[in-house]
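The block underneath contains the structure these notes are about, expressed in structure tokens.
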Amino acid sequence: MLAGAAIVSYLTRASISTAATTIQADLHLDAVQMGYVLGGFFMGYIWLQIPGGWLGGRIGARITLTAFALLWSLMTLASALAPSYEVLRWSRIAMGAAQAGLFAVIIKALADWFPESRRGTAGAVITGSMSVGAVIASGLTVRLLDPLGWRGAFEVYALVGVVWAVAFALWFRNTPADHPAVNLAELKLIREAAPLRPRLQDLELDPHSKDSDAGELTSFAAVLMSMALSVSMWALCIQAFFRAFGYALFITWFPSYLEQGFGVATSRAGDLSMLPLAGVVVGSFLGGPLVDVILVRTGSRWLSRSGVAAFSLGTCALATLAATFVNEPLAAVAMLSLGAFLSGLASPTTWAATMDISGRHTALGFAIMNMSGNIGAIACPIAVGYLIAHIRATNGNWDWVLYMFAAIYLAGSLAWLFLNPNRSAVERRVRA
């Protein structure tokens, strides 16, 4: 069900990329305006990360995720009914706000439902499911455009969100002990395999939690200050910015880039856009076990986290650059898909490294890291929109889009070299 949340959320946020040129023609939007529409989701998404996660910690994942899904489905419907640029843009901003805190709540649910030895794989499933939703969005949207139009497609996705919310509310429970389908052996496995330290308290903001060492406002402020002074935390946030910037291309401008840069038809552009996203899916699913195997066999957290991520993003940059040397769209997409696969390998390392350096404050660290990533996700469609407008106005070289993204991935790779997963970002100021 948690993987379903990731799939449905990315279905609603990524579907607009395939419909972008159709929406532009219908609402008479230029490339810059469409860039702001595509980036609108992330503008709303960034601001409510910590409040959304805090809310989930206070009232539980069952109610919170159900409410989130109903709200983002309502905003998807509002996008479908939008008569103008401003209404469409603000509906996308509101949709992003409705999904903020989603993954901070999910990471707490994973901590409650999975023993520590299974959390790497569980995190990889959630990460991979995000791109599964994006893949479905690309393939399904292009097939719904002719019979239903972009508005009808969005209405379908709104209904999907409502169905998931109802099913989740009926089936899910906040803890394994509360679920009637969990037997005693399963409950014992989860509890006995858990680490000796207290379980994650989402954002550590509950002043009544006996497990929280940041219950008071001063302690919470000390945690934030310690994270702000941590080189590893800065490196984690910087890599998140660049990695999210790179990924956002595939769920925003990529179909339009193929149409305008290679002269590909809209239907084929939607199908080709599925390939890099599929690469991210495969990379993400393989990355979790890879991280765990390297850690077990070498005993090195740095090699398992920073080493894997730096290598993956560095080679992703090379694959992206290699795509500029081919002129056939399928060959270019194949190279970009290889790069996307390599970037996907780095995704589970982000979850693992966040837990390593944040300890019991993992949810707070994840929320801050995710906020940083979404600054990159906001910047990407806007920057690409300006770049595409410049290329079209000057009849310039479309390879500049790929040059920019090769540099972005390289910068993300370098950031990982400064992250030390063996050193806590909070231990110096807040002791367990």
Would you mind finding the one in Asn397, Asn420 that is modelled with pLDDT of 85 or more, open to solvent by 30 Å² or more (accessible area, probe 1.4 Å) and within 18 Å of Thr324 (Cβ to Cβ)? Asn397
Qualifying positions in the stretch 246-279 - among the aliphatic types (A, V, I, L, M), in a helix (DSSP H, G or I) and closer than 19 Å to Ala331 by Cβ: Leu249, Leu258, Ala269, Leu272, Met274, Leu275, Leu277, Ala278
Against the condition surrounded by fewer than 20 Cβ atoms within 10 Å (Cβ to Cβ), more than 21 Å from Ile382 (Cα to Cα) and either touching a helix residue (DSSP H, G or I) at 6+ places or on another chain (Cβ under 8 Å) or in contact (Cβ under 8 Å) with a residue 24 or more places away in the chain (or both), how does Leu303 come out, does it pass? yes
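For residues that are assigned to a helix (DSSP H, G or I), over 23 Å from Ile16 (Cα atoms) and touching a residue at least 40 places away in the same chain (Cβ under 8 Å), tally how many sit in the stretch 27-62. If you could, list the steps in order and put the result at the bottom.
As a first pass, look at the stretch 27-62 and keep what is assigned to a helix (DSSP H, G or I): 27, 31-47, 49-59, 61-62.
Restricting the remaining residues to those that are over 23 Å from Ile16 (Cα atoms) gives 50-59, 61-62.
If we keep only those that are touching a residue at least 40 places away in the same chain (Cβ under 8 Å) as well, we get 50-58, 61-62.
The qualifying residues number 11.
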Out of Ala379, Ala367, which single residue is out of contact with any strand residue (DSSP E or B) (no Cβ under 7 Å at 6 or more places or on another chain) and surrounded by fewer than 24 Cβ atoms within 10 Å (Cβ to Cβ)? Ala379
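Ala78: open to solvent by 40 Å² or more (accessible area, probe 1.4 Å), of a type in the set (Gly, Ala, Ser), part of a helix (DSSP H, G or I) and at pLDDT 90 or above, yes or no?
When the stated conditions are applied, Ala78 does not pass them.
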Does Thr66 fit the bill of being more than 17 Å from the chain's Cα centre (by Cα) and open to solvent by 10 Å² or more (accessible area, probe 1.4 Å)? yes
Which residues, counting only those in the stretch 353-364, are of a type in the set (Gly, Ala, Ser) and buried (at least 24 other Cβ atoms within 10 Å of the Cβ)? Ala353, Ser358, Ala363
Of the candidates Ala111, Ala98, the one satisfying the condition of being at negative phi and at pLDDT below 85 is Ala111
Return yes when Leu290 is surrounded by fewer than 22 Cβ atoms within 10 Å (Cβ to Cβ), modelled with pLDDT of 85 or more and part of a helix (DSSP H, G or I) and no when it is not. yes
Within the stretch 81-108, considering residues that are touching a residue at least 12 places away in the same chain (Cβ under 8 Å) and among the β-branched types (Val, Ile, Thr), the one surrounded by the fewest Cβ atoms within 10 Å (Cβ to Cβ): Ile93
Here is a list: Thr324, Thr320. Which entry is among the hydroxyl-bearing types (Ser, Thr, Tyr), part of a helix (DSSP H, G or I) and open to solvent by 10 Å² or more (accessible area, probe 1.4 Å)? Thr324
Only one of (1) part of a loop (DSSP other than H, G, I, E, B); (2) at pLDDT 90 or above; (3) open to solvent by less than 10 Å² (accessible area, probe 1.4 Å); (4) not charged (D, E, K, R) fails for Gly339. Which number is that? (1)
Unmet requirement for Val166, which otherwise passes all of (1) β-branched (Val, Ile, Thr); (2) surrounded by 22 or more Cβ atoms within 10 Å (Cβ to Cβ); (3) closer than 30 Å to Ile368 by Cα: (2)
When only residues in the stretch 7-39 that are open to solvent by less than 10 Å² (accessible area, probe 1.4 Å) and of a type in the set (Ser, Thr, Tyr) count, which is farthest from Leu387 (Cα to Cα)? Ser9
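The values are calculated or read from the model by the stated rules, or taken from the named source; none is laboratory data. Given the structure is predicted, the values throughout are model-derived calculations rather than measurements. FYI the Cβ positions are ideal-geometry reconstructions off the backbone, even for glycines, and counts take in every protein chain you see. Only protein heavy atoms, including side chains, enter the accessible area calculation; ligands, DNA and RNA are left aside. Shrake-Rupley method; radii C 1.70, N 1.55, O 1.52, S 1.80 Å.
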